[in-house]
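Peer 1: The structure is given below, and queries will be raised subsequently.
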Amino acid sequence: MSKLNSQLIQRFHDIIKRSSEVILDKENQITNTVVCMIARGHLLIEDEPGVGKTTLAQTIAKLTGLQQSRIQFTNDLLPADIIGHMVFNQDKHEFYFKEGPLFSELVLADELNRANPKTQSALLQAMEESSVTVDRKTYSLAENFFLIATQNPKMQIGTYALPESQVDRFLMSIHLDYISKESEVKLLLGDNPRKLIDGLKPIIGKNDLLAAYKESQSVHLDSKLAEFIADLLQVTRTHQDQFQTLSTRAGLALVQTSKARAFLNGHDYVAPDDLLLSLKPVLAHRLADQQGLPFGEQKVEELLQLVQIPQ
């Protein structure tokens with residue numbers, strides 16, 4: 001890696017370090033969030049209310065300098081409330097498009113599975129193509145468009161399961177869970193996390209994110225690791241009684257995130273550990289069915305019993 005790249009990598013490690021001072025005991029989840037951002041994907045967070053999902057999104061937004069918007073999903077939310085709608089200009093006697101909160105750089109879709117399926121589907125084109133279409137005209141979203149969606153456990157009252165097509169569009173997923181007793185005492189005695197977030201300053205800029213993505217995608221992937229990924233996909237298709245079927249998009253997501261993680265680790269090639277560490281965050285939500293992320297992580301472990309990664 002060049003000196004410039006080393007400096008860029010260090011800035012992302014600084015983001016992880018500063019975020020860990022706000023969100024305690026979650027360095028692994030924060031690292032996965034940064035990897036997802038470098039890979040230009042979207043992140044799904046499933047957990048109980050009050051464990052720091054929104055705090056994580058706000059912290060990352062501050063440290064990256066991205067413009068942030070937050071959408072609280074409810075069962076009466078409409079697609080136009082997210083995307084925007086046409087408004088009539090009386091002076092010019094014509095309609096113009098008024099952008100919704102989706103037109104931002106880091107968008108927090110809070111409690112996504114509390115909205116009805118029609119409203120959830122309003123995100124499909126945005127997540128896949130970084131654009132939306134209204135009245136047959138297509139509007140591009142921000143160049144650094146990054147969606148962090150949270151969802152409550154699927155067994156809670158008032159939730160709607162996300163469609164498989166949408167789940168598959170999330171590059172990665174994480175599960176926060178509760179912090180340790182020691183960290184909880186430290187949190188109770190310390191400053192309010194909101195106050196800590198207000199004091200954060202951007203560590204990287206928009207150009208840094210674009211540069212990191214381009215560098216990460218030039219990382220080399222060995223053909224043996226590519227074959228391992230293909231074997232994972234094939235096993236789910238031949239053992240459909242045991243696993244949710246994984247799409248080709250899931251395989252591409254593994255490549256994308258493994259390269260981003262290798263870049264973050266200072267590698268110009270994907271090491272087996274870079275790929276192994278990406279398996280659960282990339283595959284868990286795709287294998288979870290209706291049981292939730294911890295169940296999906298167990299399915300990843302079962303999958304690894306059938307396919308061995310080359311060393």
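The values are calculated or read from the model by the stated rules, or taken from the named source; none is laboratory data. Source: prediction; values computed, not measured. We place every Cβ from the backbone using ideal geometry, glycine too, and count neighbours over all the protein chains shown. What goes into the accessible areas is simple: the full protein's heavy atoms, side chains included, and nothing from ligands, DNA or RNA. Shrake-Rupley method; radii C 1.70, N 1.55, O 1.52, S 1.80 Å.
Peer 1: Within the P(r) computed for segment 74-155, what percentage of the Cα pairs occupies the region above 19 Å? Show your work: numbers first, answer last.
Peer 2: Numbers: 1332 of 3321 pairs.
It works out to 40 percent of all Cα pairs.
Peer 1: For segment 179-219 and segment 73-141, compute the distance between their C-alpha centroids and round to whole Å.
Peer 2: Rounded to whole Å, the Cα centres lie 28 Å apart.
Peer 1: Given the Cα-Cα distance of Lys137 and Asn207 and 0.36 nm per residue of separation, how much length would full extension add, in nm? Provide the component values of the computation, followed by the final result.
Peer 2: Values: separation 70, 0.36 × 70 = 25.20 nm, distance 2.83 nm.
Taking Lys137 through Asn207 to full extension adds about 22.4 nm, to one decimal.
Peer 1: Another question, then. If you add up the charges near Leu102, with Lys and Arg at +1 and Asp and Glu at -1, over every other residue whose beta carbon is less than 15 angstrom from its beta carbon, what do you get? Can you show the working numbers first?
Peer 2: On the way: positive: Arg70, Lys98, Arg169; negative: Asp81, Glu99, Glu105, Asp110, Glu128, Glu129, Glu143.
Neighbour charge sum, excluding Leu102 itself: -4.
Peer 1: Right, another one. Could you pull out the longest piece of the chain with no exposed loop trypsin sites (Lys or Arg not before Pro) in it, calling a site exposed if DSSP puts it outside H, G, I, E, B and it has at most 12 other Cβ atoms within 10 Å? Don't skip to the answer; put the middle values down first.
Peer 2: Details: sites that count: Lys92, Arg136.
The longest such stretch corresponds to 137-311.
Peer 1: Note down, for segment 202-269, the three equivalent ellipsoid semi-axes (square root of 5 times each alpha carbon gyration tensor eigenvalue), biggest first, whole angstrom. Intermediate results must be reported in sequence, preceding the final value.
Peer 2: Numbers: eigenvalues 177, 38, 13 Å².
Ellipsoid semi-axes (Å, largest first): 30, 14, 8.
Peer 1: Please compute the net charge surrounding Leu189, taking Lys and Arg as +1 and Asp and Glu as -1 over other residues with Cβ under 15 Å from its Cβ. Numbers along the way, then the final one.
Peer 2: On the way: positive: Lys181, Lys186, Lys195; negative: Glu21, Glu182, Glu184, Asp191.
Residues near Leu189 contribute -1 overall.
Peer 1: Along the charge dipole of the chain, Cβ charges K/R +1 and D/E -1, which of Pro153, Pro79, Gln242 sits furthest on the positive end?
Peer 2: After comparing all options, I get Pro79.
Peer 1: Still on this model: Quick check: net charge around Gln311, other residues with Cβ under 14 Å of its Cβ, Lys/Arg +1 and Asp/Glu -1? Present the calculation step by step, with values, prior to reporting the outcome.
Peer 2: Numbers: positive: Lys224; negative: Asp222, Glu227, Asp273, Asp274.
Counting the neighbours of Gln311, the net charge comes to -3.
Peer 1: Additional query: Would you please classify the overall shape of segment 99-214 from the alpha carbon gyration tensor, given that a ≥ b ≥ c denote the square roots of the eigenvalues, rounded means a/c under 1.5, and beyond that prolate means a/b larger than b/c while oblate covers the rest? Please list the in-between numbers first.
Peer 2: Details: a/c = 2.26, a/b = 1.29, b/c = 1.75.
Oblate is the answer for segment 99-214, as a/c is 1.5 or above yet b/c matches or exceeds a/b.
Peer 1: Which value, in debye to the nearest 20, describes the size of the charge dipole of the chain about its Cα centre when Lys and Arg Cβ atoms bear +1, Asp and Glu Cβ atoms bear -1, and nothing else is charged? Write out the running numbers ahead of the final one.
Peer 2: Values: 32 positive and 39 negative charges, 126 e Å.
Computed about the Cα centre, the dipole is about 600 debye.
Peer 1: Given the options Asp177, Asp110, Asp91, state which has the largest fluctuation in a GNM of the chain using a 10 Å cut-off (strictly under) for Cα springs.
Peer 2: Ranking Asp177, Asp110, Asp91 by mean-square fluctuation puts Asp91 first.
Peer 1: Continuing with this model, one more query. How much accessible area does His175 have with a 1.4 Å probe, in Å² rounded to the nearest 10?
Peer 2: The value for His175 is about 50 Å².
Peer 1: In addition: Taking every DSSP beta bridge with both residues inside the chain, roughly what % is antiparallel (nearest 5)?
Peer 2: Values: 10 of 27 bridges.
Of the beta bridges lying entirely in the chain, close to 35 percent run antiparallel.
Peer 1: Then there's this: I'd like the chymotrypsin sites (Phe, Trp or Tyr not before Pro) in segment 99-203 restricted to DSSP loop residues with at most 15 other Cβ atoms within 10 Å, sorted by number. Each step should come with its number before you reach the end.
Peer 2: Details: sites: Phe103, Tyr139, Phe145, Phe146, Tyr160, Phe170, Tyr178; in loops: Phe103, Phe145, Tyr160, Phe170, Tyr178.
Taking segment 99-203 and a limit of 15 other Cβ atoms within 10 Å, the loop chymotrypsin sites (Phe, Trp or Tyr not before Pro) found are Tyr178.
Peer 1: For n ≥ 4 DSSP H runs only, could you compute -39500 (n - 2.57) per run for the chain, divide by its residues and tell me the 222 nm figure to the nearest 500?
Peer 2: Working: 14 runs with 153 residues, N = 311.
Taken over the chain, the calculation gives -15000 deg cm²/dmol.
Peer 1: Defining a contact as two alpha carbons under 8 Å apart and six or more residues distant in sequence, what relative contact order in percent does segment 118-233 show? Please list the in-between numbers first.
Peer 2: Numbers: 32 pairs, mean separation 21.8, N = 116.
Dividing the mean separation by the residue count of segment 118-233 yields 19 percent.
Peer 1: Within segment 190-289, what whole-number % of the accessible surface is contributed by carbon and sulfur, with the 1.4 Å probe and all protein chains included in the calculation? Intermediate values should be presented prior to the final figure.
Peer 2: On the way: 2320 of 4770 Å².
After summing per-atom areas, the C and S share lands at 49 percent.
Peer 1: Moving on to the next point. Working out 0.36 nm times the residue gap between Ala161 and Lys195, then minus their Cα-Cα distance, what length gain in nm do you get to one decimal?
Peer 2: Values: separation 34, 0.36 × 34 = 12.24 nm, distance 3.43 nm.
Here the segment from Ala161 to Lys195 would lengthen by 8.8 nm.
Peer 1: Return the single residue from Leu187, Leu66, Leu209 with maximal mean-square fluctuation; model: Gaussian network over the chain, springs between Cα atoms under 10 Å.
Peer 2: Largest GNM mean-square fluctuation: Leu187.
Peer 1: Give the calculated FRET efficiency between Glu301 and Glu99 to the nearest 0.05, with a Förster radius of 35 Å applied to their Cβ-Cβ distance.
Peer 2: Numbers: r = 43 Å, r/R0 = 1.23.
My answer for the efficiency is 0.20.
Peer 1: Taking all pairs of distinct Cα atoms, average 1/r, flip it, and tell me the Kirkwood hydrodynamic radius of segment 171-311 in Å to one decimal place. Intermediate results must be reported in sequence, preceding the final value.
Peer 2: On the way: mean 1/r = 0.0580 Å⁻¹.
Evaluated on segment 171-311, it is 17.2 Å.
Peer 1: For the chain, what is the relative contact order in percent, using Cα pairs closer than 8 Å and at least 6 residues apart in sequence?
Peer 2: Values: 521 pairs, mean separation 70.3, N = 311.
Taking the mean separation of contacting Cα pairs over the length of the chain, I get 23 percent.
Peer 1: Could you give the DSSP H helices of the chain that reach 27 angstrom or more along their long axis (alpha carbon positions) and whose average Kyte-Doolittle hydropathy is no lower than -1.0? The partial results should precede the final answer.
Peer 2: On the way: long enough: 3-22 (29 Å, -0.59).
Membrane-span-like by this criterion, though nothing is claimed about a membrane: 3-22.
Peer 1: Taking R0 as 30 Å, what FRET efficiency do you get between Lys118 and Arg237 from their Cβ-Cβ distance, rounded to the nearest 0.05?
Peer 2: Details: r = 30 Å, r/R0 = 1.01.
Plugging the Cβ-Cβ distance into 1/(1 + (r/R0)^6) gives 0.50.
Peer 1: Okay, moving on. Evaluate the Debye formula for the chain with equal point scatterers sitting on the alpha carbons, no solvent, and hand back log10 of I(q)/I(0) at q = 0.14, 0.15 Å⁻¹, in q order, two decimals.
Peer 2: Scattering profile of the chain, log10 relative to I(0): -1.13, -1.28.
Peer 1: If you average the sequence gap of Cα pairs under 8 Å that are 6 or more apart and divide by the length of segment 28-129, what percent do you get for the contact order?
Peer 2: The value is 28 percent.
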